[in-house]
Ligand code: ADP
Ligand code: MG
């Protein structure tokens, strides 16, 4: 697939402080990319450099191979749904949605027809004459989306567009966004700090931390085989065992940890400090075919989560979170042996 958006050694400083480190990033045509990271990590800055609302301190931004670094937003094939999705309160919904088309010089009748069609696309058929104040938060959000999509951007930029919505509505809008994206064929770049949202909508997640890309890939790969400790802990919960490599040969390393030594697949120099990372659902109560024994754990606390039990366990002063099937009937104070499959252990450096 050809690149729709390309960052070439793009960086951004504000007052001499680097908020985006020099980075490369390619986004394919028709891809749904999510920029995921904590507040202040540089997500909005990255998005704004695609849309033209921020200009890089160095490097070039290309769209469809064309250097757009010096083009203003209106001359880029992009549209943005901002975090506060400000609609024009004094205009009808149809006028709101048709705003960009008016700017492009489209005639009134055509504009109105297009606005109605866009409203229908976001599930607000026949709402064109209504006012903004007559809408719920979720409906306003959809109008903002319709407005951005009306100009048929090649790239739609979405900055935490669902942040203000309650959980049920957010889930519904996530599904609708995915549907809209597939139907329109546009490239979506969506910013969020919510890892569950990122996993449920992205073709590819870009994990951002302190202006750097920590990891990027399909949600399942980033979740199961995170490339960095930050990615492992930000994308859902992880158990992290700090250790030191004592032996290394033939694709296997021995790592000394607070729980003892473990031989696991991996490559690292002897004496290197590493971390063994396991997801809560990867800790097992029975022995897997090829696995390691983590040790005898005491169940300190547990909470019923409906689909599973979340147990806080401890082995030799090390805290571990276990996600156990409800059917195991664990109780606080119980001592269990925890195992992990070799294939699940991720070895990461500092
Ligand atoms: P995010 O969207 O991930 O929360 P931002 O891209 O908004 O992060 O901000 C990244 C960093 O850049 C933050 O430290 C923020 O304070 C800083 N920053 C963003 N915009 C400006 C600006 N216009 N002037 C100065 N600093 C800014
Ligand atoms: Mg932001």
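May I ask for the distance between the Cα centers of the range 60-98 and the range 145-196, given as a whole number of Å?
14 Å
What is the gain in length, in nm to one decimal, between residue 17 and residue 301 on full extension, counting 0.36 nm per residue of separation less the C-alpha to C-alpha distance?
Going from the current span to full extension adds 97.9 nm.
If one takes the longest principal axis of the Cα atoms in the chain, at what angle in degrees, from 0 to 90 and to the nearest 10, does the Cα axis of helix 167-184 lie?
Helix 167-184 sits roughly 60 degrees off the main axis of the chain.
At 7 Å along the Cα-to-beta-carbon direction for both residue 66 and residue 310, put a label point, then send me their distance in nm to one decimal.
The modelled label-to-label distance comes out at 4.8 nm.
At 0.36 nm per residue, minus the direct Cα-Cα distance, what do residue 256 and residue 26 gain on full extension? Give it in nm, one decimal, please.
This chain segment gains 78.9 nm when fully extended.
Give the whole-number value, in cubic angstrom per residue, of the convex hull volume spanned by the C-alpha atoms of the range 85-162.
With only Cα atoms used, the range 85-162 gives 87 Å³ per residue.
Quote the FRET efficiency, to the nearest 0.05, computed for residue 130 versus residue 196 with a Förster distance R0 of 30 Å and r equal to the Cβ-Cβ distance.
Efficiency, from the Cβ-Cβ distance: 0.40.
With only alpha-carbon atoms in the gyration tensor, what are the semi-axes of the equivalent ellipsoid for the range 237-348, in Å, largest first?
Gyration-tensor ellipsoid for the range 237-348: 27, 13, 11 Å.
Calculate the spin-label point distance for residue 210 paired with residue 269, positioning each point 7 Å from the Cα along the beta-carbon direction, and give it in nanometres.
It works out to 2.2 nm between the two label points.
If you wrap a convex hull around the Cα atoms of the range 11-141, how much volume per residue is inside, in Å³?
152 Å³
Between residue 341 and residue 327, 0.36 nm times their residue separation minus their Cα-Cα distance comes to what?
Once the chain is fully extended between residue 341 and residue 327, it gains 3.0 nm.
If R₀ is 51 angstrom, what is the calculated FRET efficiency for the pair residue 58 and residue 247, using the beta carbon separation as r and rounding to 0.05?
0.70
Could you state the angle between the C-alpha long axis of helix 108-121 and the longest principal axis of the C-alpha atoms of the chain, as a value from 0 to 90 degrees rounded to the nearest 10?
Approximately 20 degrees, to the nearest 10.
Taking the range 175-232 as the region of interest, what is the percent of Cα-Cα pairs per 10 angstrom bin, listed from the shortest bin to the one with the maximum distance?
Result, from short to long distances: 22, 52, 23, 3 percent.
Which three semi-axes in whole Å describe the equivalent ellipsoid of the chain, each the square root of 5 times a Cα gyration tensor eigenvalue, listed largest first?
Largest first, the chain gives 46, 25, 15 Å.
Roughly what angle does helix 137-150 make with the longest principal axis of the chain, taking Cα atoms, 0 to 90 degrees, to the nearest 10?
On a 0 to 90 degree scale, this one is about 70.
Values quoted throughout were computed directly from the atomic coordinates according to the rules given, and no laboratory measurement underlies them. None of these values were measured; they are calculated from a predicted model. Positions of Cβ are generated from backbone atoms using ideal geometry, with glycine treated the same way; all protein chains shown enter the neighbour counts.
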